[in-house]
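Encoded as structure tokens, the structure appears first; notes follow it.
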Amino acid sequence: SGVGYSHMPESWPWTILFFVMAAGLLVLWRRNSRPSVYIVCTVVAAFVLLNQHLVHGVLFLFASHYLFFLVFAAVLTLVSLWGDKSKWSIAASLAAAVFLLGIAYDNRSVFFQWRIDAEDFSEQHLASALPVFDILEWSVILADPLTSSFIASHTKHDVLFTNYIQHELRSHQEIAERYCLSQLPFVPDQRHPEGEPVLIYGAAYDTLFTDAEKTRLREQELALVDRTCATMDLDPRALLGEYRVQYFFWDEERQPEWKVPMLNVPVREVARGEGWSLWKIR
């Protein structure tokens, strides 16, 4: 996850800007021993770090992982060349300014982090379920992927599928089975795996750099999910037993079509709140 293979720059604009910064500082340092050799080495190191995969071929996605160091190098370039009117100084300063302005624009969302939207309370109706989960013995609880994330982050219980399962060492078949179980209460024509940004392969797409390869892989994982879900529908109890599922948790407010009572599985309602219900498999 997060590692790809490439001998091409991840970002041509970033590579060009840092090349201009590094080249400008090197030329100025060779001519008049300024700026400081430490500043020059820092900016050159930033350029090498950003483009190291051009040599060894292993790309650590994404360049933003180095963002603090890259911003630091660009700021050093601007500060060290402040007031210098030579053409190399102007070129390096402009490159640093363009990079910093671009980063500032990309991260403009920081100004909205204190804004409160209705979406921030989309799970508020599930808060009343937490005391129920607290007194429940450790269990495997089946819910839709979005609600499973809530259970995984707020309770002691296990769930079958969230977007983060891609980072666990599991077979593709197992991940497909877990995903299909999370879709079990939906009737087949209401399941839309093609709309899931994270399905089976997840971060594996990071290693692909052509649309043809990405399309091929997407078709492959969708076919796997279709086959697995079709098999599950023939005998859902077998798969539920294999994964030791004990409860269904239905987020009725956000997933009204995830209808637990309509399942061909014996269940009984054990708890209910505003917008949710908990069902135990008999």
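Taking all Cα-Cα distances within region 167-282, those exceeding 17 Å account for 60%. Over region 25-123, Cα pairs under 8 Å with separation of 6+ residues give a relative contact order of 27 percent. Evaluating kT/(6 pi eta Rh) at 25 °C and 0.890 mPa s, with the Kirkwood radius of the chain over Cα pairs in the Stokes-Einstein relation, gives 107 µm² s⁻¹.
Remark: relative contact order (the chain) = 17 percent; criterion is Cα-Cα distance under 8 angstrom and separation of 6 or more residues.
Ordered by the count of other Cβ atoms within 10 Å of each Cβ, fewest first, M8, M21 give M8, M21. With a cut-off of 9 Å between beta carbons, the residues surrounding I281 carry a summed charge of +4, where Lys and Arg count +1 and Asp and Glu -1. Computed across region 56-125, the Kirkwood radius stands at 15.2 Å (inverse of mean 1/r, all Cα pairs).
Dipole size of the chain about its Cα centre, with +1 on Lys/Arg Cβ and -1 on Asp/Glu Cβ: approximately 1380 debye, rounded to the nearest 20.
Taking Cα centre as origin and charging only the Cβ of basic (Lys, Arg, +1) and acidic (Asp, Glu, -1) residues, the dipole magnitude of region 3-111 rounds to 400 debye.
Loop-resident chymotrypsin sites (Phe, Trp or Tyr not before Pro) (DSSP state other than H, G, I, E or B) in region 105-197 with no more than 14 further Cβ atoms inside 10 Å of their Cβ: W114, W138. Label-to-label distance, W138 versus Q166, with points set 7 angstrom from Cα along the beta-carbon direction: 2.9 nm. Please report the net charge: other residues with Cβ closer than 14 Å to the Cβ of P261, K and R +1, D and E -1. Once positives and negatives cancel, what remains is +2.
Given in Å, the Rg to one decimal and the Dmax to the nearest whole number for the Cα atoms of region 1-133 are 20.6, 73. Across region 86-99, rounded Karplus estimates of 3J(HN,Hα) from the backbone phi angles (6.51 cos²θ - 1.76 cosθ + 1.60, θ = phi - 60°) give 5, 5, 5, 5, 5, 4, 5, 5, 5, 4, 5, 5, 4, 4 Hz, Gly and Pro being marked x.
Take the Cα radius of gyration of region 100-236 and divide it by 2.2 N^0.38 Å, N being the number of residues; the result is 1.28. Relative contact order of region 174-282, taken over Cα pairs closer than 8 Å and 6 or more residues apart, is 28 percent.
Bear in mind these aren't lab numbers, they're just calculated from the coordinates by the rules spelled out. Nothing here was measured: the structure is a model prediction, and the numbers come from that model. Ideal geometry is used to build each Cβ from the backbone, glycine not excepted, and the neighbour counts take in all protein chains shown.
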